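Engineer: Below you will find the structure I want to go over with you.
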Ligand code: GDP
Ligand code: MG
């Protein structure tokens, strides 16, 4: 079994932190080759007979006027083609215009989309997430919505279990 997992989201939501956490977390990694290019970072994680290829996409940028942003948007979009699972990350705070841009791309994807709400360690009141969750679940039929802290590793194992089920 080999899955192709795209991690997408606007800049600064924690895509790289999450990928590092997933790839660095367990000792059973048999292949760990993060490959840094200016455009995409790819990591492979093998556990038993599950192999997942993770792609940390560059952020999708709102300002289409800048050539570099257009280029990066294209790279991010191409990472979404032929994926088995999309991990769409947002911040615990409000839905922004840039989240919407990523969301629009994600909607065209065939595979399951897991919505990850990151940085929950910064939430003072855990219950404040609940109304937000209800609203987010109306937006599309997400496979799952999982609140995590990529930085602390909170619920990252749960996210991985859901990814590996696909
Ligand atoms: P990317 O642009 O989506 O790849 O985001 P990064 O992984 O580079 O993270 C952007 C910033 O958010 C960095 O300063 C991270 O340390 C911080 N960050 C990422 N995940 C978390 C988290 O779960 N909690 C907190 N408090 N900060 C985080
Ligand atoms: Mg990054």
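The values are calculated or read from the model by the stated rules, or taken from the named source; none is laboratory data. Quick caveat: nothing in here was measured; it's all calculated off a predicted structure. Quick reminder, even Gly has a Cβ in these numbers, built from the backbone with ideal geometry, and neighbours come from all protein chains shown.
Engineer: Filter segment 104-125 down to residues that are assigned to a helix (DSSP H, G or I) and farther than 23 Å from residue 161 by Cα, then give me how many there are.
Structural biologist: Result for segment 104-125: 3.
Engineer: If residue 60 satisfies every condition in (1) away from ligand 2 (no atom under 16 Å from the Cβ); (2) at pLDDT below 60 but one, which is the exception?
Structural biologist: Every listed condition holds for residue 60 apart from (1).
Engineer: Does segment 1-22 hold any residues that are near ligand 1 (Cβ under 7 Å from one of its atoms) and at pLDDT below 85, and which are they?
Structural biologist: Result: 11, 12, 16.
Engineer: Does segment 97-117 contain any residue that is loosely packed, with under 15 Cβ neighbours inside 10 Å, farther than 18 Å from residue 7 by Cα and modelled with pLDDT of 85 or more?
Structural biologist: Yes, segment 97-117 contains a residue that is loosely packed, with under 15 Cβ neighbours inside 10 Å, farther than 18 Å from residue 7 by Cα and modelled with pLDDT of 85 or more.
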